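Only one structure is covered here, and it is reproduced in the block below.
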Amino acid sequence: MSEVPEQKSRFNLSALAVRERAVTLFFIVAITLAGIVAFLNLGRAEDPSFTIKVMTVVTAWPGATAQEMQDQVAEPLEKRLQELRWYDRSETFTRPGLAFTTLTLRDNTPPSEVQSEFYQARKKIEDEAPKLPRGVAGPFVNDEYGDVTFALYALKAKDEAPRDLARQAEALRQRLLHVPGVKKINIVGERPERIFVEFAQDRLATLGIAPRAIFTALAQQNLITPAGAIEANGPQVLVRLDGAFDDLEKIRALPIVADGKTLRLSDIAEVRRGYEDPASFLIRSQGEPALLLGVVMREGWNGLDLGKSLKTEVAAIASELPLGMSFTPVTDQSVNISEAVDQFMRTFLEALAIVMVVSFIALGWRVGIVVAGAVPLTLAIVLIIMWATGRVLDRITLGSLILALGLLVDDAIIAIEMMVVKMEEGFDRIKASAYAWSHTAAPMLAGTLVTVIGLMPVGFARSTAGEYAGNIFWVVGFALLASWVVAVVFTPYMGVKLLPAIKPVAGGHDAIYQTPRYQRLRGLIRWAATRNRLVTLATLAAFLVAGAGMALVKKQFFPTSDRPEALVEVQMPKGTSIEQTSAATEQVEAWLRNSRRQRSSLPMSDRARRASIWRFRPNCPIRPSPRSSCARHRKRPATH
């Protein structure tokens, strides 16, 4: 039996953890419970949040051509936007009477600077607005372009007036805003009310009344003008002129003077209440007209909790709606989040089972329990750190945890294997447990840091991709460092508690390491060490081949969507009315419904074949082509 070598340092964390067993056990229990609490309270999301560095500017000028919109409206605004510090490019689509400009900031814009940059863009646009031609409406700025709709709900009612449906939608909006986790509610598809004054040109010509007289009378009468106030001993009395229109009868009774004659507006024109015509936005759900209510979730909120709260509230709303009115979900992101979390839990349990089975077979059941116990303890530490640093469980963090699962047991296996070997050499379990710190802690920490450093470019990348995927570096780093702490602190303690009595091997150290397999491994290592130039060149060649192969790897920012959804865009010729577009989309909807019914009646083999045909059809472009007749497209790049 060999002698016990002297400790390399006075401080030994592994020996301290074994010596202070009550404290170590307390930390194990506390970390486990805190990890469970952190897992239950961590926010859930489908994708990580990142800053959208895009702002849109919409300008309207009724009667202007697309070229006039480009030259007299879009051009001056784009020149002012070019003065921004983080300006990258602007893209403008123009059509008669409308210009749509998209401002994109540079990809390396710090997230903290984005809102300040959007504020500067607003100021420059507001400064330029008075210089635009007379009659231009806007510019209208939208810097909340990145709001993601968490859930969509359709409000439908057959034969219900649109204004009544809109009022019901406003009431539901106020109710849903009180659900915890809801940031705001967007109502989509509301058709504004309008008052129409319709007259015949031949009748006006007969009466000698010009249409301009009607327009002038309406504009002069429908004014809200301050008329002063009366100072009294009590409250101040405001004086108002009764001129603004508030009902149809006042409009119908409006006097029109022409050729010395005074006529009522209702005598020469029809005044009626209606809706925006033509409509600028139409929504249908399951083939029926509807309004959509889009729910936006607060940042960092638990998506699963919000989904449950919305489900409860929507069920209560549906039970209280009038007969014939329905409020049904269209999309729900909590379902996708639940699937992602469930997939992680399945993967985690499978990985844990594989680790335990392999450890049991290779090391014995007691050593296997020690190694397998390091995985949930490490994950508990990682979850606590994620909770403390404001991170959530999403596609990136869950993927990082799954990636780290295969690395979490390495340090624990090294520590417990070192302990077993030393006990076979004749050490008692207390002294053998100290080797986890004195002889393996530094090499294990170095290997951990090298692995973490390999992911550092992702974590510190100043780009949108880095902001989206940066948690790969942080979560894997947390996991590997936590596994090192578990290996040098808790694994020796669990080894002392769970390892059986191991008899020393006859011959001690030499007998353990003189096996044929170990000698073959040692010979291979000796061969590589003596031919260091050849090994270095081979490593460099493999690195160059891998670098060349990177050019063949497909690159994309977002992963391929696994949602069972498809987007169909119907583009009609320029000048097509919205009624004709609506009729065309109704035909597409009917064809899709018929295809679904036909597909459900097919045998499984034909159904799979038809599904594969749908899957590989090319997608329609979302934006119109630069050469299409429906829009003019122009991109203004940065000048710096």
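Below are the figures for this structure:
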item: Cα-centred dipole magnitude for the stretch 326-412, charges only on beta-carbon of K, R (+1) and D, E (-1), debye, nearest 20; result: 160
item: Sites Ala253 and Phe215, calculated FRET efficiency, Cβ-Cβ separation with R0 25 Å, nearest 0.05; result: 0.90
item: Built amide H within the under 5 Å cut-off of Lys184, gap 5+; result: Val296
item: Karplus-derived 3J(HN,Hα), 6.51/-1.76/1.60, for each residue of the stretch 322-334, Hz, glycine and proline x; result: x, 4, x, 9, 10, 9, 10, x, 9, 9, 8, 5, 5
item: Rough spin-label spacing in nm, given labels placed 7 Å along Cα→Cβ, for Arg522 and Asp305; result: 5.9
item: Cut-off under 5 Å, modelled amide H: who pairs with Thr331 long-range; result: Leu152
item: Whether the stretch 303-446 is rounded, prolate or oblate, judged on the alpha carbon gyration tensor where a/c under 1.5 counts as rounded; result: prolate
item: In sequence order, calculated HN-Hα J values of the stretch 458-472 (Karplus, 6.51, -1.76, 1.60; Hz; x Gly/Pro); result: 5, x, 10, 5, 8, 7, 5, 4, x, 5, 6, 9, x, 5, 4
item: Qualifying lysines (Cα of each under 28 Å from Cα of Lys308; at least 8 residues distant if same chain); result: Lys156, Lys183, Lys184
item: Per-q log10 I(q)/I(0), the stretch 255-303, q = 0.13, 0.17, 0.18, 0.20 Å⁻¹ (Debye; single scatterer per alpha-carbon; no solvent); result: -0.65, -0.78, -0.81, -0.87
item: Gap separating the Cα centres of the stretch 19-91 and the stretch 283-348, nearest whole Å; result: 22
item: Asp147, Asp342, reordered so the largest accessible area comes first (probe 1.4 Å); result: Asp342, Asp147
item: Dipole axis of the stretch 430-586 (+1 Lys, Arg; -1 Asp, Glu on Cβ), positive-most option in His439, Phe478, Tyr513; result: Tyr513
item: Estimated FRET transfer efficiency (Glu589, Glu417; beta-carbon r; R0 51 Å; 0.05); result: 0.20
item: The stretch 20-32 - phi-based ³J(HN,Hα) in whole Hz, Karplus 6.51/-1.76/1.60, Gly and Pro as x; result: 9, 5, 5, 5, 4, 4, 4, 5, 4, 5, 5, 5, 4
item: Anisotropy class of the stretch 104-199 from Cα gyration tensor, a/c 1.5 cut; result: oblate
item: Within the stretch 122-217: Cβ-based charge dipole about Cα centre, in debye rounded to nearest 20 (Lys, Arg +1; Asp, Glu -1); result: 140
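The values are calculated or read from the model by the stated rules, or taken from the named source; none is laboratory data. Note that the structure is a prediction, hence the values are computed from the model and not measured. Glycine also receives a Cβ, built like all others from the backbone with ideal geometry; neighbour counts cover every protein chain displayed. Accessible surface is based on the protein model in full, side chains and every heavy atom, while ligands, DNA and RNA are left aside. Shrake-Rupley method; radii C 1.70, N 1.55, O 1.52, S 1.80 Å.
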